[in-house]
1. Of the conditions (1) loosely packed, with under 14 Cβ neighbours inside 10 Å; (2) in contact (Cβ under 8 Å) with a residue 40 or more places away in the chain, residue B:82 clears all except one; give me its number.
2. Among the residues of the range B:125-142, what is the count of those that are in contact with a strand residue (DSSP E or B) (Cβ under 7 Å, 6 or more places away or on another chain), away from chain A (no Cβ under 14 Å) and part of a loop (DSSP other than H, G, I, E, B)?
3. Sort through A:161, A:227 and tell me the only one that's at negative phi, at pLDDT below 90 and out of contact with any strand residue (DSSP E or B) (no Cβ under 8 Å at 6 or more places or on another chain).
4. Considering only residues that are surrounded by 16 or more Cβ atoms within 10 Å (Cβ to Cβ) and either modelled with pLDDT of 95 or more or outside any strand (DSSP E or B) (or both), which ones fall in the range A:42-59?
5. Sort through A:276, A:260, A:269, A:299 and tell me the only one that's more than 16 Å from residue A:364 (Cα to Cα) and surrounded by 24 or more Cβ atoms within 10 Å (Cβ to Cβ).
6. Quick one: in the range B:91-124, which of the residues that are within 14 Å of chain A (Cβ to nearest Cβ) and part of a loop (DSSP other than H, G, I, E, B) is modelled with the lowest pLDDT?
7. Please go through the range B:36-45 and pick out each residue that is more than 7 Å from chain A (Cβ to nearest Cβ) and within 15 Å of residue B:69 (Cα to Cα).
8. In the range A:136-155, which residues are under 17 Å from residue A:194 (Cβ atoms) and surrounded by fewer than 18 Cβ atoms within 10 Å (Cβ to Cβ)?
């Protein structure tokens, strides 16, 4: 069965980029063996870091809970293999571009002994949505597309709104990355199964699985699974291969023709978007009882000998993974975690794979950089901006540090896709400038909020002082009034009594 | 020719008259401007400018032409923003301070309540004869609590 093509609204701007994906999709996903040492950051998700609940020297099993979230937003961390906890200390992490952050370090025993996986239920439909969400919360599942937002909490937030559609994001629009493509080709059953679980948890009856039109193998596999299941609630949608059609808001717009409002979420227009990898890990957790302890990631670029997709345990270092695939070439100069446009450069390959690591890209330094020249106001950046911003105007105001103008021109809506950088004939790093300007806006907003609170407290205090003064005056006036009413004889009597009291002492 | 010149002259005369009358009779609305200036001030309520709080300073700037470089917690940035708003010249800051918070040495505190009364934003908690402490998240670093302390147990800690 082949997927039907739908008439789709065009995305504004965007770019048709060379994919560079064929190199890593030539062979099936291979499993990276258990490494000697696992490094598990306690903060692999949006929100507060998880708090370790194991001690140094403790023996742990594969799938055992290591750290529990504290606070409103977070996800637990599980051991990806069996072994001994040898340290809980700072280690270079990808989220901080190779700077250290607290990690739980496990020396693996190589036996890979799991805890007794408890499957929630043979039939997940016997669980109520609330029970299902509570179970999901314990699986350590976060969005695998890159933002690493805890999935259970995303569902809970979305559920309070008026949801209509679940959208599974299989649009992997950034060049080089192919982990979702390979996952859909080889594990279409899990992806669709995950979609069914998510639909049950949200009580939704429509799910779109969005896949780029150039991923014919993945479309074929998903179509076959859907054909077997005869589940007509799930619809396959082909999305044009344009970067950045896989951005959450862009995908919602492409699939439903609804625009996510400024500062809003897809749930504001009735949609919930989940990455296909996330759906597969939901399936693994609910049906097989395995928490999120491994993921598929792409190892690619001209800096590695043998580009491929691998399934590696969370916590395996990038160095170990690259060595497994066949090592670096002499062109290996620059390590990027993520894609060439939205990825982060790393200072070291000792960083561990985390839940959000979708790609390990090794390239030559010169591949993406040019010498910066002045802006010639050609307007190419505005033509490609997928959210119709005016990057050249934004750059102007960012350099002038004009916060009000930056807000007026919608900088806070910028998704940092990097399209403007790519087309700029003057090689201006626009996105980098925008990131700095955004940070500045948040800083100013923070300052403003503090000042506002201080002012409110100051005004409240002044109001209280004024109230107290009036009260005192009123009491005094009352006393005077009652004295006047009592007359001079009564006052004289009181004074006399007082004098007698003093005399008695 | 003459009629045209006369017509224009009469119109100009009338317009001028109307404008001068309006300037004299309608009061200038300085309230909005005071609000805008107050918005730019850091609301530490420290009185280091010589006025008893941020709003009084904002009123002094707008109504009495006070200098715009008297706010140390606001820093040079606030001076620049004020200059832009009011169309005045950017002046160097009279004196500068680092952002900081007050810290009470709780072992030395005698519970006199003097600092609590001095705090403009109610950021000090404590009762008579009992230990006091500063709510760090609310402290604006105005230093007004330092002087009243009879046992000198309050110090300013710079923020990172």
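1. Failing condition for residue B:82: (1).
2. Of all residues in the range B:125-142, those in contact with a strand residue (DSSP E or B) (Cβ under 7 Å, 6 or more places away or on another chain) come to B:125-126, B:132-136, B:139, B:141.
When the remaining residues are screened for being away from chain A (no Cβ under 14 Å), the result is B:126, B:132-133.
Now narrow it down to the ones that are part of a loop (DSSP other than H, G, I, E, B): B:126, B:132.
Here the count works out to 2.
3. Numbers: A:227 fails: at pLDDT below 90.
One residue alone meets the criteria, A:161.
4. A:42, A:43, A:44, A:45, A:46, A:47, A:49, A:54
5. Numbers: A:260 fails: surrounded by 24 or more Cβ atoms within 10 Å (Cβ to Cβ); A:269 fails: surrounded by 24 or more Cβ atoms within 10 Å (Cβ to Cβ); A:299 fails: more than 16 Å from residue A:364 (Cα to Cα).
Just a single option satisfies the conditions, and that option is A:276.
6. B:99
7. Of the range B:36-45, the ones more than 7 Å from chain A (Cβ to nearest Cβ) are B:36-41.
Listed by number, the residues that qualify are B:37, B:38, B:40, B:41.
8. Hit for the range A:136-155 is A:138, nothing else.
The values are calculated or read from the model by the stated rules, or taken from the named source; none is laboratory data. Only a predicted model underlies this, so the values are computations on that prediction, with no experimental measurement involved. Backbone-built Cβ (ideal geometry, glycine too); neighbour counts: all protein chains shown.
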